[in-house]
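Colleague: I'd like to ask some things about the structure below.
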């Protein structure tokens, strides 16, 4: 949320808090009470959206990096076995296919790395018995398949988080605008009679309705009437 949105949400919460602390103002005014509850529901929706917006991709990106390391290690181990088997059997094709360095793997784009892992898997699968001699187990070969699939799944997950966060950002703005307009058009109007009948309560309400710019340390928005100041 932006600083402006945070300040606006704080104001809306202050309005609800004002009525929670002054329940007698609502006792014989069901319409006003219903309006306050509607504002409370608005706030709950905004806070839920804020949680979605705040969910970052840092953890998922870190997991992707870990998965990439595991995938590269699996490729290098299997390729080392294939290269050794190729040398032992004088199979130039196998030696050339397995001639990939760690540096080259690090520089590969995601799709190329996944493709390399799957190529290695298909190459190693029929050689499982022979590769065991070179300390490459069936589990090592299977890791090429499972790790490449896990790595491939990370990008969509991260993109989905970013998309949900972007949508929540837009929804927060819409919901805040709706909440502010509702407060101004409904609650403010129903509180206006208190300006004459209970100026102290009205002054407290106006204080709650003030948007405090925490960054600039000044207030803006609704300003309490001088006649409503609490002595």
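Derivation of every value follows stated rules applied to the coordinates shown; laboratory data play no part. Keep in mind that what you see is a predicted model, and the values were worked out from it rather than measured. All Cβ positions, glycine included, derive from the backbone under ideal geometry; neighbour counts span all protein chains shown.
Colleague: Would you mind ranking 115, 27 so that the residue whose beta carbon has the fewest other beta carbons within 10 Å leads the list?
Modeller: 27, 115
Colleague: Now for a different question. Using Cβ contacts closer than 10 Å as the measure, can you line up 36, 69 from fewest to most?
Modeller: 69, 36
Colleague: Now, a different point. With each pseudo-label sitting 7 Å past Cα toward Cβ, what's the residue 166-residue 70 distance in nm, one decimal?
Modeller: Spacing of the two 7 Å Cα→Cβ label points: 2.9 nm.
Colleague: Using only the Cα atoms of the range 58-160, construct the convex hull and provide its projected area averaged over every direction, in square nanometres to one decimal.
Modeller: Projected over every direction and averaged, the Cα hull of the range 58-160 covers 6.2 nm².
Colleague: Would you list 108, 196, 1 from fewest to most Cβ contacts within 10 Å?
Modeller: In increasing order of surrounding Cβ atoms, one gets 196, 108, 1.
Colleague: A further question on this structure: Would you kindly state how much longer the chain becomes between residue 89 and residue 40 on full extension, computed as 0.36 nm times their sequence separation minus their alpha carbon distance, in nm to one decimal?
Modeller: The span from residue 89 to residue 40 would gain 10.1 nm if fully extended.
Colleague: Under a point spin-label approximation (7 Å from Cα along Cα-to-Cβ), what is the residue 97-residue 21 distance to one decimal in nm?
Modeller: Result: 7.5 nm between the two label points.
Colleague: What percent do you get for the relative contact order of the range 58-160 when only Cα pairs under 8 Å and 6+ apart count?
Modeller: Relative contact order, the range 58-160: 39 percent.
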